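Chemist: Quick one: this structure, given as C-alpha cells, is what I'll be asking you about.
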Amino acid sequence: MKITLNGKQIEVNPGEYLLSVIRREGIEIPALCHHDAVEPVGACRLCIVEITRPEWEGWSRLVTSCLYPVEEGLIVETHSKLVSDTRATLLDMQLARCPDAEIIQKWAKEYGIEKTSFPVREDADKCILCDICVRICNAVGRYAIARTSRGIEKVVAVPLELGEDQACIGCLSCAHACPTGAIEWKEDSNTRTIWGLTFTLEKCPVTGEVLGTPQQLDHFAKKAGLSRDYFTKSDKAHKHETAKKFVKII
Ligand code: SF4
Ligand code: FES
C-alpha cells in the first residue's frame with residue numbers, strides 16, 4: 001500500500017496509523033497524548049495532519065494522525081499552513097492551561113509562541129488532561145486514578161472510593177509515562193510518596209538496590225504468575241546467582 005507524505009511516495013502497512021508512519025519517516029510533530037503502551041484516544045489534537053485525495057478536487061480535512069489508519073493513495077501533509085496555524089492555536093491554549101510545562105513551552109516556541117494570548121489558568125499545574133496516566137494505571141491493572149472534578153476544573157486524582165484491589169501500589173508507572181512531568185512524587189532511601197500516599201521500599205538483601213514497594217511487587221508477581229520470592233532479589237542478584245551455579249557446573 002502507498003501514500004504520499006509531504007510530497008514523497010512511501011510504502012505503508014495496512015492497519016497502521018498515520019502517526020507511526022510519520023515517526024518512522026523521521027518527521028517530528030507533537031503527539032503528547034500518545035504512548036506506545038496504550039491505545040490512542042486523540043485527546044490533545046496536536047498530532048493533526050491535513051489529508052486529501054486527487055478525487056477530492058482540492059478539498060481536504062484535518063485528522064488526528066494517532067487515530068487515522070493509512071489508506072491507499074492518501075495524500076498527507078504534516079506541516080501545511082492550515083496544520084501549522086491550527087497546531088499553533090492548540091499550543092497557545094495549552095500554554096494558557098500549563099504555562100510551566102517545559103514540553104508545552106518547547107513546542108509552542110517552535111510554532112512561534114513565546115507567551116500565550118489566552119488568559120492563564122488560575123492555579124495552573126502541568127496537567128494537559130491527556131489521560132496517559134489513567135490509561136497506564138488501568139493497563140497495569142489497578143484503576144487507582146481517574147479524572148475527577150475540582151470546581152469547574154477537571155483534574156486527575158485518586159477517587160475517594162476505591163476497592164482494595166484498585167488502590168495505588170506506588171509503582172510510578174503513571175509518573176514515568178506523564179509527558180509533562182505533572183505527577184509529583186518523591187523518594188528517600190526508605191520511602192516513596194505519590195498521590196499523597198507514602199510507601200515503604202523493599203530492597204534487595206544482596207545488592208541493596210530498591211526493588212519497589214511491597215504492594216507493587218505483590219501485584220506484579222500475581223500478574224506475571226511468578227512466585228513472590230522471585231521479586232525479593234534484584235535482577236543483578238539473580239544473574240549473579242545463575243553465574244555462580246554455572247561456575248559450579250563447569
Ligand atoms: S497527569 Fe500527566 S499523564 Fe496524567 S493526564 Fe495529566 S499530563 Fe496526562
Ligand atoms: S497524540 Fe494524537 S491527539 Fe494527542
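The values are calculated or read from the model by the stated rules, or taken from the named source; none is laboratory data. Keep in mind it's a predicted model, so treat the numbers as computed, not measured. Cβ sites come from the backbone with ideal geometry, for glycine too, and all protein chains shown count toward neighbours. Each accessible area value is taken on the protein alone, full model and side chains, heavy atoms only, with ligands, DNA and RNA left out. Shrake-Rupley method; radii C 1.70, N 1.55, O 1.52, S 1.80 Å.
Chemist: Quick check: is even one residue across region 205-214 part of a helix (DSSP H, G or I) and open to solvent by less than 80 Å² (accessible area, probe 1.4 Å)?
Modeler: Yes, that holds for at least one residue.
Chemist: List pairs: first residue in region 202-219 and touching a residue at least 60 places away in the same chain (Cβ under 8 Å), second residue open to solvent by less than 40 Å² (accessible area, probe 1.4 Å) anywhere in the structure, Cβ distance under 6 angstrom, at least six positions apart or on different chains.
Modeler: His219/Ile169
Chemist: A further question on this structure: What pairs can you find where one residue is in region 232-245 and at negative phi and outside the structural domain of Gln216 (by TED's automatic domain parsing), the other is part of a helix (DSSP H, G or I) and of a type in the set (A, V, I, L, M, F, W, C), and their Cβ atoms are less than 7 Å apart, with a gap of 6+ or different chains?
Modeler: none
Chemist: The conditions are (1) surrounded by 17 or more Cβ atoms within 10 Å (Cβ to Cβ); (2) among the hydrophobic types (A, V, I, L, M, F, W, C); (3) at pLDDT 95 or above, and Phe220 fails exactly one of them. Which is it?
Modeler: Status for Phe220: all satisfied but (3).
Chemist: Still on this structure: State all residues of region 110-127 that are within 9 Å of ligand 1 (Cβ to nearest atom) and modelled with pLDDT of 95 or more; if no residue qualifies, say none.
Modeler: Lys126, Cys127
Chemist: Does region 96-112 hold any residues that are at negative phi and open to solvent by 20 Å² or more (accessible area, probe 1.4 Å), and which are they?
Modeler: Listed by number, the residues that qualify are Arg97, Pro99, Asp100, Glu102, Ile103, Gln105, Lys106, Lys109, Glu110, Tyr111.
Chemist: Just give me the residues in region 132-161 being in a helix (DSSP H, G or I) and either among the acidic types (Asp, Glu) or closer than 22 Å to Ala221 by Cβ (or both), in sequence order.
Modeler: Ile136, Cys137, Asn138, Ala139, Val140
Chemist: Further, regarding this structure: Of everything in region 9-58 that's in contact (Cβ under 8 Å) with a residue 12 or more places away in the chain and charged (D, E, K, R), which residue is nearest to ligand 2 (Cβ to nearest atom)?
Modeler: Arg45
Chemist: Another question, if that's okay. Return the residues of region 231-250 that are among the aliphatic types (A, V, I, L, M), assigned to a helix (DSSP H, G or I) and modelled with pLDDT under 75; say none if nothing qualifies.
Modeler: Ala243, Val247, Ile249
Chemist: Identify the single condition in (1) outside any loop (DSSP other than H, G, I, E, B); (2) in contact (Cβ under 8 Å) with a residue 24 or more places away in the chain; (3) charged (D, E, K, R); (4) not assigned by TED's automatic domain parsing to the domain that holds Gly7 that Asp165 does not satisfy, given that it satisfies every other one.
Modeler: Every listed condition holds for Asp165 apart from (2).
Chemist: Is there a residue in region 86-101 that is away from ligand 2 (no atom under 14 Å from the Cβ), within 30 Å of Asn6 (Cβ to Cβ) and of a type in the set (D, E, K, R)?
Modeler: Scanning region 86-101, I find at least one residue that is away from ligand 2 (no atom under 14 Å from the Cβ), within 30 Å of Asn6 (Cβ to Cβ) and of a type in the set (D, E, K, R), so the answer is yes.
Residue-by-condition table, conditions (1) more than 23 Å from Glu114 (Cα to Cα); (2) open to solvent by 50 Å² or more (accessible area, probe 1.4 Å); (3) within 16 Å of ligand 1 (Cβ to nearest atom):
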position: Leu18; (1), (2), (3): yes, no, no
position: Arg23; (1), (2), (3): yes, yes, no
position: Glu28; (1), (2), (3): no, yes, no
position: Leu32; (1), (2), (3): no, no, yes
position: His35; (1), (2), (3): yes, yes, yes
position: Cys44; (1), (2), (3): no, no, yes
position: Cys66; (1), (2), (3): yes, no, yes
position: Val70; (1), (2), (3): yes, no, no
position: Thr86; (1), (2), (3): no, no, no
